[in-house]
Every structure is written in C-alpha cells, then in structure tokens.
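The values are calculated or read from the model by the stated rules, or taken from the named source; none is laboratory data. Note that the coordinates shown come from a computational prediction; the quantities given were computed from them, not determined experimentally. When we count neighbours, we look across all protein chains shown, and the Cβ atoms used for this are built from the backbone with ideal geometry, even at glycine. SASA here: full protein model, heavy atoms, side chains in, ligands and nucleic acids out. Shrake-Rupley method; radii C 1.70, N 1.55, O 1.52, S 1.80 Å.
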Amino acid sequence: MRRRAIGTVRHRRSLSTVVALTSAGLVLAGCTAAGKAGESGSSGGGAKDGTVKVGLVYSRTGLLADYGKQYRDGFMAGLDHATKGTGKVAGHRIEVTEQDDAGDPGKAVSAAKNLIGKGYKVLAGTTDSGVALQMAPLAAQNKVLYISGPAATDAVTGINDYTFRSGRQSYQDILTAGTMLGEAKGKKVTVLAQDSTFGQANVTAVKAVLGSKGAKVGSVLAPPSATDLTPFARQVKAGGPDLVFVAWAGSTAPALWTALDQQGVLEAGKVVTGLAGTASYPVFGDAGSKVSFLAHYFPGAGGGNTVEKSMLDSVTKAGGTPDLFTPDGFTAAQMVVRAIEKGGATDTTAMVKALEGWSFDGVKGKEQVRAEDHALVQPMFVAKLKGKGASARPELVSTAPMDEVAPPAKPSAG
C-alpha cells in the first residue's frame, strides 16, 4: 500500500509495453461473488482529522500496466487541477492510497474490502472491465462511491446507484463508427475479427448498435491461430461492404493490415477500427493512412481547450506521457472533488446526488454525468494516422458531439 497527499514527490518507474489492441475495446470477464467488506472501527477513511482518503485501485502491474499508469498520471493531474493546486476541497485535504490489482478481479476486491473496512468512502480506478464488474456490486453492498476508469464494458453503466464511470463505454465506440457510415438503413457492414469471445462480442455489439439502425451486419471471423490472413481479406472484399469494422487483438495485427492493404480492401470502402495508445501506431504500417479511426482520445483531440492543456502540462511536468486513458484518470479526479465539495466528505448518498446530472468542462470538451444511469456522455473523435512507424501520429478528422454518440439510457438497477 502507498499513501500520499497531493503535491508530494511522485514515484517514477519503468513499465514494459503491453500488446496494443486495435479494436473497439470490449473486454469481457466472468463474475464471481464480491461479498461485503468486514466491519472496522478504524477511522482511516473519515474526515474527522480534515483529511478525505481516496482509494485508487488500478493495474500498476500486469498486462494493462501501461494503461494503468496513464490513468494514474491523469488522476494526479486532475486532482491538482480541480483543487487549484492546493490538494484541498471544502476544507478537506485529499489523500490518495494506491492499490495494485494487477488486472485480477480477486486482488481488486481484496484491496477494496481492506480500504472499505478502514472506513474509506471513495474508491476509483479500474483499468479492466472484469475488475469493474466485481468492484461495482461491492460498492453498492457497502454504500461507497465508486468511479470506474478505462473499463469499457457497457454493463457498468446503470449497474447500481453507487457506481459511476470516468471513461467511455463500448456503445460510444460503435456509435462513433456509425457516424462514418452515414445513414445506416440498408447499408452493409462487415465485422472482421478473430473467432474468439472477444471477436464474437464485437460482432454482437455492432449488430445491436448499427443493426438496430437498419444496417445489415455480417461478419468474417478468422481462427485466432491463423497467420495467413489473405483469404479473410479477400472474403471481406468479395462481400462489398459499405463499412468494415475491424476488431483485432494480438501479434498478428501487422499481418492483418498488410493483407487488407494488399488485397485492396482499404481502397474499396470505408474501413474503421479503434485507435489504441501510442504504442499501437506502428502496427498499421503503410495501411495506417488509409484507415479511419474511432478515437476515445489522443493528445490534442480536445482542441487545446483549457482543461486539456492543464492535463497535458501537468502530466508532462511530472515526467509522464499523456495518452489514450490519461483523461479517464483526470476526469475521475474532477468527479471526486465535485462529490466532496457538493456532497460532503462522508455522506455517500449526498456524493451520488452531487454527481448525478453534473455538466462540466473536461479534457475532451463539455461532458455530463447522466442522472438516470451514470453514463458519462462525452464527445468522441474520428482520426487519421499521418506518417508510419515510430513517426506515426493521429490527426483529428472530426468530433462527434456528445449527444450524437450517447448510449441509450439504462436506469440504475438500484
């Protein structure tokens, strides 16, 4: 466990680069019972001494460690911004306790139970969707405020009254892809993915989102073990789709994009995929400039607004590198400060009410916490890659207004 107040020296460490996912970002995992945290007489999370203690549970190690670091760097920058550099709100000093879940739901639940048992009323973090689906019921059972981070699964939205999210969800990704299709009715969409749980989940999601708008959604699924991807590229082209939605993960991604380029798929119609972090840009090679990217965020996507500039400057000054999920941490910190400022330091019901319906200026522009289901309604972006290899960088093509890519309302389950 590590504890620190805002403004203290931040520990820097090297992290290995994880395999980037060039996909819409759906992450699925099974659920096990979360259980209740044990009772404790400790006042560790209380505000009697003028300190509000916030538990930050995220992937400091493990497969998603790079994403976890982005989130954590953004969170610290967001606290500096939201408290105007004082580390205090409404007379309370905010102290952050970091816990590493290593992408393991069991470790996350154990860490959260420990913090809740010590009286913590606010938890944030969660890089992985499987972890978020375990943390959310724990928050409801113990009546603590929980703000999930980059976890994209739609199931988190509306899951209960105590759970919020500070990042986007998969529905918003696919709606952004739909903006590139135009009028969906009668259009043909092909999902190109691996024949795996991940790939099939993307097919299901695209059918649910674009199929409901009248698009004819089909799929081309390749065995996860396939290394010769030319036949699948040919199959996609032969179908003559208006839009190809690529959801691909793993080490064969460069071979896939080469095959799509060589078989003329990228010239035949609109091809879209998710823009992952900076480490993924070289994966596309020569194909990068021919693909349309739905983007949650990349540095500069917010147009250099005041809040974005604050995040970029703060993270860079602290020795970090702003990337895909840095805004998720920054936004979570803004939400924590809002909850304490308007709801108090210990009354989680009041904190929840303080966040519901809140509109604010975020890194990406104007954003809103929807009252009905706690979805974070936010703008999304369409981008192109300029250059290739290590020099590849995204360039903003268009911004989808937050209302245009808002997921359908899903009232809280209680």
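Condition first: surrounded by fewer than 20 Cβ atoms within 10 Å (Cβ to Cβ), assigned to a strand (DSSP E or B), touching a residue at least 12 places away in the same chain (Cβ under 8 Å) and of a type outside the set (Asp, Glu). Can you find one or more residues in region 165-184 that meet it? Checking region 165-184: not a single residue is surrounded by fewer than 20 Cβ atoms within 10 Å (Cβ to Cβ), assigned to a strand (DSSP E or B), touching a residue at least 12 places away in the same chain (Cβ under 8 Å) and of a type outside the set (Asp, Glu).
So which residues in region 242-278 are closer than 24 Å to Gly362 by Cβ and open to solvent by 30 Å² or more (accessible area, probe 1.4 Å), if there are any at all? Can you show your working first?
To start, the set of residues in region 242-278 that are closer than 24 Å to Gly362 by Cβ comprises 274-278.
The one that is closer than 24 Å to Gly362 by Cβ and open to solvent by 30 Å² or more (accessible area, probe 1.4 Å): Thr278.
Checking region 296-315 against the condition returns no match, with no residue being open to solvent by less than 40 Å² (accessible area, probe 1.4 Å) and under 19 Å from Gly199 (Cβ atoms).
Could you grab me the full set of residues in region 128-152 that are part of a loop (DSSP other than H, G, I, E, B) and open to solvent by 10 Å² or more (accessible area, probe 1.4 Å)?
Looking only at region 128-152, we keep the residues that are part of a loop (DSSP other than H, G, I, E, B), and these are 128, 143-144, 149-152.
Those that are part of a loop (DSSP other than H, G, I, E, B) and open to solvent by 10 Å² or more (accessible area, probe 1.4 Å): Asp128, Lys143.
Scanning region 100-127 for residues that are open to solvent by less than 20 Å² (accessible area, probe 1.4 Å), in a helix (DSSP H, G or I) and in contact (Cβ under 8 Å) with a residue 60 or more places away in the chain returns Val109, Ala112, Leu115, Gly117. Selection of first residues in region 399-414 that are closer than 24 Å to Pro137 by Cα and free of Cβ contacts under 8 Å to residues at least 12 places away in the same chain and of second residues that are aliphatic (A, V, I, L, M) and assigned to a strand (DSSP E or B), restricted to Cβ pairs under 6 Å at least 6 apart or on distinct chains, gives an empty result.
Taken over region 368-398, residues that are in contact (Cβ under 8 Å) with a residue 60 or more places away in the chain, within 18 Å of Asn160 (Cα to Cα) and among the hydrophobic types (A, V, I, L, M, F, W, C) amount to 3. Restricting attention to region 70-92, the residues that are of a type in the set (A, V, I, L, M) and open to solvent by 60 Å² or more (accessible area, probe 1.4 Å) total 1.
Asp347: over 22 Å from the mean Cα position of the chain (by Cα), open to solvent by 20 Å² or more (accessible area, probe 1.4 Å) and closer than 30 Å to Val217 by Cβ, yes or no? Please lay out each step first, then the result.
Values: over 22 Å from the mean Cα position of the chain (by Cα): yes; open to solvent by 20 Å² or more (accessible area, probe 1.4 Å): yes; closer than 30 Å to Val217 by Cβ: no.
Here the answer is no, as Asp347 does not meet what is asked.
Residues in region 199-216 that are assigned to a helix (DSSP H, G or I) and either surrounded by 20 or more Cβ atoms within 10 Å (Cβ to Cβ) or in contact with a Ser or Thr (Cβ under 6 Å, 6 or more places away or on another chain) (or both): Gly199, Asn202, Val203, Ala205, Val206, Val209.
Does Val283 fit the bill of being modelled with pLDDT under 95, outside any loop (DSSP other than H, G, I, E, B), in contact with a helix residue (DSSP H, G or I) (Cβ under 6 Å, 6 or more places away or on another chain) and open to solvent by less than 40 Å² (accessible area, probe 1.4 Å)? So Val283 fits the description; yes.
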